[in-house]
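Trainee: Take this structure first; my questions come after.
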Amino acid sequence: MESTQLASASANMKLPAILGSLQSDGHTVSISNDNVEADISLSDVGAELLGQVLHKCDGKTAFGAIMDSVPEVSRTRIHEALSALVDTGLMIDRAPPEARTGLDVLLEIEDLTNRLLYETLYKNVFWQNCKAATSHEDMPRNVMYGLVIENYHLLFRESYFDAPVLSYVGNTKARLAMNAFFAEENGHDELLLKSLNHIGLSRDELFDSRPLPQTMALINALAYWAHNDPIFFFTTLGVLEGKDIQEDSFIAAAERIGMDDDFVKPVKTHSNLNLGGQHGNLTRQIFQNMPVIDDETIRRLRAQTYLFIELYDAFFRGIWEHYSVADKLLRPTATL
Ligand SMILES: [Fe+2]
Ligand SMILES: [Fe+2]
């Protein structure tokens, strides 16, 4: 890990700086600091020229300008030598790390997220059938109930993943936005409970039942990210609360295939609360207030987006795969 970081830092060296004192008398070159002392030589570069180069490594002179002042020396050769010095702790690159604004980064992550959603989730068996359904033959009643049951399990545990970021000290505006969001969001499971009560499922029965493994995987992953990588967690909120494309398609399907009004209404109310409260914009609001995000974090956000969308896709596919064949709606824990 350490050598990789050093290699990538030195590969883009911009403002090299000696860490220690440099002695160069035209015949030998050496650098020493509290930890290391080393004589430096390059087989194809004389000590005098090497000394000239190293004298200019003051953390203020750009690598390009240093090399322009000694055109007779190979740029690649010196770069290799300076990189080796970085590895031994005798040199650092004083250039500030590359970074971009929060909003700029988020727009890139949103593009990636949308591409992955279109390639996977929007094409999965649940949403394909939901969008095309005209009757219960296309979209079994239990699958419709299943979506609300699993969403209930998710919302019932929303504090698992929202709570860790309520105390996020990295950015005050982000923390305040998260707190306001949680105040609106808390208790939304009660809305879905109304739908489920209508089909004969009680609060106690739901409490004594277990979510699908795919649902719990999503919940646990979100809780892990909220604890360990809050910035990535913030990117997921926009998708989960989103533009409510999924919920709208679900409600449209429910109305088209003639689901009971008392079952659909609370789900619709929840969807409208998300829209009215502009919950889909929360992520943008948070990232607008992040002045800079460094390159390493950007790479991490990109990498984890793939896993998050896979988990979200699996959540909906899991609902279809289980509820389209299960003979019972709940998986009780009381009988275990
Ligand atoms: Fe909600
Ligand atoms: Fe919401």
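Trainee: Looking at segment 303-336, which of the residues that are of a type outside the set (A, V, I, L, M, F, W, C) and exposed (fewer than 15 other Cβ atoms within 10 Å of the Cβ) is modelled with the highest pLDDT?
Mentor: Among residues in segment 303-336 that are of a type outside the set (A, V, I, L, M, F, W, C) and exposed (fewer than 15 other Cβ atoms within 10 Å of the Cβ), the one modelled with the highest pLDDT is 306.
Trainee: Name the single residue that is nearest to ligand 2 (Cβ to nearest atom) among those in segment 204-217 being in a helix (DSSP H, G or I) and surrounded by 14 or more Cβ atoms within 10 Å (Cβ to Cβ).
Mentor: 215
Trainee: Kindly indicate which of 278, 214, 285 is without any contact (Cβ under 8 Å) to a residue 24 or more places away in the chain and more than 19 Å from residue 195 (Cα to Cα).
Mentor: 278
Trainee: Within the set of pairs 6+ apart or on separate chains, which have a first residue in segment 125-146 that is without any contact (Cβ under 8 Å) to a residue 12 or more places away in the chain, a second that is in a helix (DSSP H, G or I), and C-beta atoms under 9 Å apart?
Mentor: 128/122; 132/253
Trainee: Against the definition (within 16 Å of ligand 2 (Cβ to nearest atom) and at pLDDT 95 or above), how does residue 201 come out, yes or no?
Mentor: no
Trainee: Of everything in segment 232-283 that's hydroxyl-bearing (Ser, Thr, Tyr) and within 11 Å of ligand 1 (Cβ to nearest atom), which residue is surrounded by the most Cβ atoms within 10 Å (Cβ to Cβ)?
Mentor: 271
Trainee: How many residues does segment 278-313 hold that are away from ligand 2 (no atom under 16 Å from the Cβ) and assigned to a helix (DSSP H, G or I)?
Mentor: Residues meeting the conditions: 20.
Per-residue answers, yes or no, for (1) surrounded by fewer than 19 Cβ atoms within 10 Å (Cβ to Cβ); (2) over 23 Å from the mean Cα position of the chain (by Cα):
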site: 151; (1), (2): no, no
site: 154; (1), (2): no, no
site: 160; (1), (2): yes, no
site: 168; (1), (2): no, no
site: 174; (1), (2): no, no
site: 180; (1), (2): yes, no
site: 187; (1), (2): yes, yes
site: 193; (1), (2): no, yes
site: 196; (1), (2): no, yes
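Trainee: Against the condition surrounded by 13 or more Cβ atoms within 10 Å (Cβ to Cβ), assigned to a helix (DSSP H, G or I) and assigned by TED's automatic domain parsing to the domain that holds residue 147, how does residue 105 come out, does it pass?
Mentor: It is true that residue 105 is surrounded by 13 or more Cβ atoms within 10 Å (Cβ to Cβ), assigned to a helix (DSSP H, G or I) and assigned by TED's automatic domain parsing to the domain that holds residue 147.
Trainee: Could I ask something else about it? Counting just the residues of segment 97-121 that are among the polar types (S, T, N, Q) and out of contact with any strand residue (DSSP E or B) (no Cβ under 8 Å at 6 or more places or on another chain), which one comes out nearest to residue 299 (Cα to Cα)?
Mentor: 113
Trainee: List pairs: first residue in segment 247-267 and aromatic (Phe, Trp, Tyr) and at pLDDT 95 or above, second residue in a helix (DSSP H, G or I) and surrounded by 18 or more Cβ atoms within 10 Å (Cβ to Cβ) anywhere in the structure, Cβ distance under 9 angstrom, at least six positions apart or on different chains.
Mentor: Within 9 Å, the pairs are 263/144; 263/145; 263/148; 263/195; 263/196; 263/254.
Trainee: Looking at (1) out of contact with any helix residue (DSSP H, G or I) (no Cβ under 8 Å at 6 or more places or on another chain); (2) within 16 Å of ligand 1 (Cβ to nearest atom); (3) among the charged types (D, E, K, R), can you tell me which one residue 194 breaks?
Mentor: All conditions pass for residue 194, except number (1).
Trainee: In addition: Among the residues of segment 238-269, which ones are in a helix (DSSP H, G or I), within 16 Å of ligand 2 (Cβ to nearest atom) and touching a Ser or Thr at 6+ places or on another chain (Cβ under 9 Å)?
Mentor: Answer for segment 238-269, where residues must be in a helix (DSSP H, G or I), within 16 Å of ligand 2 (Cβ to nearest atom) and touching a Ser or Thr at 6+ places or on another chain (Cβ under 9 Å): 238, 239, 241, 247, 248, 250, 251, 266, 267.
The values are calculated or read from the model by the stated rules, or taken from the named source; none is laboratory data. Keep in mind that this is a model prediction, so the values were computed, not measured. Reconstructed Cβ throughout: ideal geometry from the backbone, glycine too, with neighbour counts over all protein chains shown.
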